[in-house]
1. Do the conditions hold for Phe125, that is, is it part of a helix (DSSP H, G or I) and open to solvent by less than 20 Å² (accessible area, probe 1.4 Å)?
2. Restricting attention to the stretch 170-192, which residues are open to solvent by 10 Å² or more (accessible area, probe 1.4 Å), hydrophobic (A, V, I, L, M, F, W, C) and more than 19 Å from Ala46 (Cα to Cα)?
3. Would you check if there is a residue in the stretch 183-201 being in a helix (DSSP H, G or I), of a type in the set (Ser, Thr, Tyr) and within 15 Å of Val136 (Cα to Cα)?
4. Which of (1) open to solvent by 40 Å² or more (accessible area, probe 1.4 Å); (2) without any contact (Cβ under 8 Å) to a residue 60 or more places away in the chain is the odd one out, the single condition Ala149 does not satisfy?
5. With respect to Ala96, determine if the residue is open to solvent by less than 50 Å² (accessible area, probe 1.4 Å), touching a residue at least 40 places away in the same chain (Cβ under 8 Å) and over 27 Å from Asp192 (Cβ atoms).
6. Show the residue pairs meeting these rules: Cβ distance below 8 Å; 6+ apart or different chains; first residue within the stretch 57-73 and within 19 Å of Arg85 (Cβ to Cβ); second residue hydroxyl-bearing (Ser, Thr, Tyr) and modelled with pLDDT under 95.
7. Output the residues belonging to the stretch 99-122 that are part of a helix (DSSP H, G or I) and in contact (Cβ under 8 Å) with a residue 40 or more places away in the chain.
Amino acid sequence: MDQTRWVVVVPVKGTSGAKSRLGAGAGRAALADAFALDTVAALVAASAVERVFVVTASARLGVALAALGAVIVPEVPGPDAGQDRLNAAIEQGAEAARFACPDANLAVVTGDLPALHVADVETAFALAATHPLSMVADAEGVGTTTLLAWAGYRFTPRFGLGSRAAHEGDGHVVLDLPPSSSLRRDVDTAADLDTARALGLGPHTSALV
């Protein structure tokens, strides 16, 4: 089995309620959109990534993400609660990805990595080729930014509070990436954004910051 072929699922909220911890106003929603655009652009550019499937309820944002080369999976209404809705959306994207590319490995990457670098994506996926189930922890070491599985291996997304421990409990090996890896730097707060800026923000976020 070719462990270098990956398809990626990216859940994107795409609503005015996205990234509430960044503050109030239209600027916050625009930043959340920019985070998603920069995340997807980096994934599409990575040679290890065959296709990117974005799950979103926003037709408007879906058009912009499709223009980057992503396959858009319209989110089917499900649970209203935050992390339950997120994980349900991921399941929808995973099913679409498995149907379209049944022989490819599958990864889930959160859509809030505005400083994501292609080189960091390539490094993580090369490490993941040696583990049937793996994950990337966030910079704080308690959450998850990326969940990975070889073709034929099923997994349950448990994104939300304490997701690292939950995913480890399911058998996902934590990949040995340094805290400075852009794949670990998700952005929820203004302080997170400042740290991501030091790594080098993507063009969509840079235009707003």
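1. In short, yes.
2. Val173, Val174, Ala190, Ala191
3. Residues of the stretch 183-201 in a helix (DSSP H, G or I): 183-184, 190-199.
With of a type in the set (Ser, Thr, Tyr) added as a condition, the list becomes 195.
With the extra rule that they be within 15 Å of Val136 (Cα to Cα), the set shrinks to none.
No, the conditions are met nowhere in the stretch 183-201.
4. Ala149 satisfies every listed condition except (1).
5. The answer is yes for Ala96.
6. Pairs that qualify, where the first residue is within 19 Å of Arg85 (Cβ to Cβ) and the partner is hydroxyl-bearing (Ser, Thr, Tyr) and modelled with pLDDT under 95, are Ala57/Thr15; Ser58/Thr15.
7. In the first step, residues of the stretch 99-122 are kept if they are part of a helix (DSSP H, G or I); the result is 99-100, 118-122.
Selection gives Ala100, Val118, Asp120, Val121, Glu122.
The rows are residues; the columns are (1) more than 22 Å from Leu193 (Cβ to Cβ); (2) surrounded by fewer than 19 Cβ atoms within 10 Å (Cβ to Cβ); (3) at pLDDT 95 or above.
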| site | (1), (2), (3) |
| --- | --- |
| Gly27 | no, yes, no |
| Leu37 | no, no, yes |
| Ala41 | no, no, yes |
| Val44 | yes, yes, yes |
| Gly82 | no, yes, no |
| Ile90 | yes, no, yes |
| Asp138 | no, no, yes |
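The values are calculated or read from the model by the stated rules, or taken from the named source; none is laboratory data. None of the values given here were measured: they were computed from a predicted structure. A quick note on method: Cβ atoms are made from the backbone with ideal geometry, for glycine too, and the neighbour counts reach across all protein chains shown. Heavy atoms of the whole protein, side chains included, go into the accessibility calculation; ligands, DNA and RNA do not. Shrake-Rupley method; radii C 1.70, N 1.55, O 1.52, S 1.80 Å.
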